[in-house]
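**Student:** One structure, pasted below without further comment.
The values are calculated or read from the model by the stated rules, or taken from the named source; none is laboratory data. From a predicted model like this one, the values you see are computed outputs, not experimental measurements. Using ideal geometry, Cβ is built from the backbone for each residue, glycine included, and neighbour counts are taken over all protein chains shown.
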Amino acid sequence: MAAYIETIEVLSNGNRVSYHEITKQVREIVQKSKIKNGIVVITSTHTTCSVIYEEYSHDLNYCGDEYLQVDFNNILEKIIPRCLTENQYYHPGPQHVAFGEKDCEKSLVPDRRSLLNTEAHLKASLVGESVTSAIENGIIQINQVTGYYYFIDWDQNRPRKRICKVAVMGE
């Protein structure tokens, strides 16, 4: 069995949930891998990000978000509201804040407010960090017309460079 891994980088929006359609890049990586039959795993390396497989919605709101994404955000916001103030959730607790302020690089935790991203962690845990699809005869077995992969950054506190790993395995 052969394996091939590549990275896709995206820049999150920083002031709302960021969706990045990455289907074309994933297809190109599968093609470069030369693997004809196997699987492709698309995964986030971040605890506040997810990868999903969903239908392309066509209609966009004024921010450029697809209606299906807006609906998804609205439903999740009812279940897990945005963390706007300390003590809204247990996390981040005093030990985590101390770790963030003392032990992390300043670029990771520029200020205390950036630690108020509990809802992003919870949404990522609920939705999941990866998607796996079959490859047959060199073609990803997804709907070739309306099926798309999206990398989602749930953290709305600041723009960030995010990493998505694509692993192709098979023969």
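**Student:** For R158, all conditions in the list (1) surrounded by fewer than 14 Cβ atoms within 10 Å (Cβ to Cβ); (2) part of a loop (DSSP other than H, G, I, E, B) hold save one; what is the number of the exception?
**Tutor:** (1)
**Student:** Follow-up question, since we're still on this one. Filter segment 11-35 down to the residues that are farther than 17 Å from Q144 by Cα and not in a strand (DSSP E or B) and list them by number.
**Tutor:** The answer is S12, N13, G14, N15, R16, V17, K32, S33, K34, I35.
**Student:** I would also like to ask the following. Restricting to segment 141-155, name every residue that is hydrophobic (A, V, I, L, M, F, W, C) and either under 18 Å from V109 (Cα atoms) or surrounded by 16 or more Cβ atoms within 10 Å (Cβ to Cβ) (or both).
**Tutor:** I142, F151, I152, W154
**Student:** So, one more: Just to check your reading of the model, which residue among Y56, Y67, Y62, Y148 is more than 16 Å from H46 (Cβ to Cβ), of a type outside the set (G, A, S) and touching a helix residue (DSSP H, G or I) at 6+ places or on another chain (Cβ under 7 Å)?
**Tutor:** That would be Y148, the only listed residue that is more than 16 Å from H46 (Cβ to Cβ), of a type outside the set (G, A, S) and touching a helix residue (DSSP H, G or I) at 6+ places or on another chain (Cβ under 7 Å).
**Student:** Looking only at residues in segment 61-110 that are over 23 Å from the mean Cα position of the chain (by Cα), in a loop (DSSP other than H, G, I, E, B) and of a type in the set (D, E), which one is modelled with the highest pLDDT?
**Tutor:** Result: E86.
**Student:** Across segment 11-51, what is the number of residues that are within 19 Å of K123 (Cβ to Cβ), surrounded by fewer than 18 Cβ atoms within 10 Å (Cβ to Cβ) and either without any contact (Cβ under 8 Å) to a residue 24 or more places away in the chain or β-branched (V, I, T) (or both)?
**Tutor:** Residues meeting the conditions: 2.
**Student:** Let me ask you something else. Can you confirm whether Y62 is touching a residue at least 60 places away in the same chain (Cβ under 8 Å) and either polar (S, T, N, Q) or under 26 Å from Y150 (Cα atoms) (or both)?
**Tutor:** No.
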